[in-house]
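J.: Before anything else, here's the structure in question.
What follows draws every value from the coordinates through simple rules; no lab data is involved. A quick note: this is a predicted structure, and the numbers were derived from the prediction, not measured. Neighbour counts run over all protein chains shown; Cβ positions are idealised from the backbone, glycine included.
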Amino acid sequence: MIKLYGHEMSGNSYKVRLLLELLNIEYEWVKVDLMKGEHKSTEYLTLNPFGQVPLLIDGDIQLADAQAILVYLGRQYGGDKWLPSDASPLAQVSRWLSIAAGEVRQGPENARLYHLFRVTNINIDRAHQKAKYILSQLEKHLSMRKWLEFERPTIADIAVFPYVALANDGKIDLKPYPNLLNWIERIKKLPNYIPMTGI
Ligand SMILES: N[C@@H](CCC(=O)N[C@@H](CS)C(=O)NCC(=O)O)C(=O)O
């Protein structure tokens, strides 16, 4: 059975859990207690030398990084529906994986780390500025579409969703972004959707 190593307050772990649930795949959840530093234990570092969650093990496949795991699960178990294979649509989805790990991490994810987990070496003004930028871009992008790409949800939506929906934890108000709020509600209505604390 698939094993997912993660933490319940980690949005990166959550996005993988969410896709597993949406795909109706059975898996074993292995809690890595970040608060106790378990992710830096010798045992865990042999699994993921980066010392981060999430990490997925599926038979011989051992994969770290939420975006990479979404790619794997999307293709392996969801086929073209969640991650198209043709060059152009594949690139369109990949763009959002990059944005999830770039602009979304630098903005709402870092603001959450600062306010909720007291990670003080984060420049909170810069994080709020970055958040405003990417949230405004998303708001514009979603003004004429239901999903980030195409007429259906893909791993693009799953990758971007958690830290946008968790923006309040970083003291970012989503009220000025009605299209974004509607998109969040749309994701919450997907069959087999599961929530996490804060969403
Ligand atoms: N690029 C990685 C980042 C993962 C990441 O930052 N995970 C956090 C929890 S959400 C973590 O393990 N932090 C502990 C650390 O970096 O020491 C991904 O997308 O999965």
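J.: Apply the a/c threshold of 1.5 to the C-alpha gyration tensor of the range 60-199 and tell me whether it is rounded, prolate or oblate.
T.: Judged from the Cα gyration tensor, the range 60-199 comes out prolate (a/c at least 1.5, a/b above b/c).
J.: Here's something else I'd like to know. Among the lysines, which fall within straight-line cross-link reach of Lys140, defined as a Cα-Cα distance under 27 Å, with same-chain neighbours fewer than 8 residues apart omitted?
T.: Excluding near neighbours in sequence, the set is Lys15, Lys81, Lys130, Lys132, Lys171, Lys175, Lys188, Lys189.
J.: Using the Cα gyration tensor of the range 89-135, with a ≥ b ≥ c the square roots of its eigenvalues, what is the shape: rounded (a/c below 1.5), prolate (a/b larger than b/c) or oblate (neither)?
T.: Judged from the Cα gyration tensor, the range 89-135 comes out prolate (a/c at least 1.5, a/b above b/c).
J.: Once you put a point 7 Å from the Cα of Asp173 and another 7 Å from the Cα of Ala68, both along the Cβ direction, what distance in nm separates them?
T.: 4.1 nm
J.: What is the antiparallel percent of DSSP beta bridges lying wholly in the chain, to the nearest 5?
T.: Of those bridges, close to 60 percent are antiparallel.
J.: Give me the orientation-averaged projected area of the Cα convex hull of the range 2-81, in nm², one decimal.
T.: 5.0 nm²
J.: I've got another one for you. Name the most mobile residue of Leu18, Leu174, Leu90, meaning the one with the largest mean-square fluctuation, in a Gaussian network model of the chain with Cα contacts below 10 Å.
T.: Leu90
J.: Let me ask something additional. Can you pull out the GluC sites (Glu not before Pro) in the range 28-130 whose DSSP state is coil and whose Cβ has at most 11 other Cβ atoms within 10 Å?
T.: none
J.: Restricting to DSSP loop positions (anything but H, G, I, E, B) with no more than 11 other Cβ atoms inside 10 Å of their own Cβ, which GluC sites (Glu not before Pro) remain in the range 124-199?
T.: For GluC sites (Glu not before Pro) across the range 124-199 that sit outside H, G, I, E and B with at most 11 neighbouring Cβ atoms in 10 Å, the list reads Glu151.
J.: In the range 1-105, which chymotrypsin sites (Phe, Trp or Tyr not before Pro) fall in coil by DSSP and have 16 or fewer other Cβ atoms within 10 Å?
T.: Of the chymotrypsin sites (Phe, Trp or Tyr not before Pro), the ones in loops of the range 1-105 whose Cβ has at most 16 other Cβ atoms within 10 Å are Phe50.
J.: On a C-alpha basis, how far is the centre of the range 134-199 from the centre of the range 67-84 in Å? Whole number, if you could?
T.: 19 Å
J.: Related question: Which whole-number percent is the relative contact order of the chain (Cα, under 8 Å, 6+ apart)?
T.: Reported relative contact order: 23 percent.
J.: Identify all aspartates and glutamates with a Cα-Cα distance to Lys146 below 14 Å; exclude those on the same chain that are fewer than 8 residues away in sequence.
T.: Cross-link targets: Asp157, Glu185.
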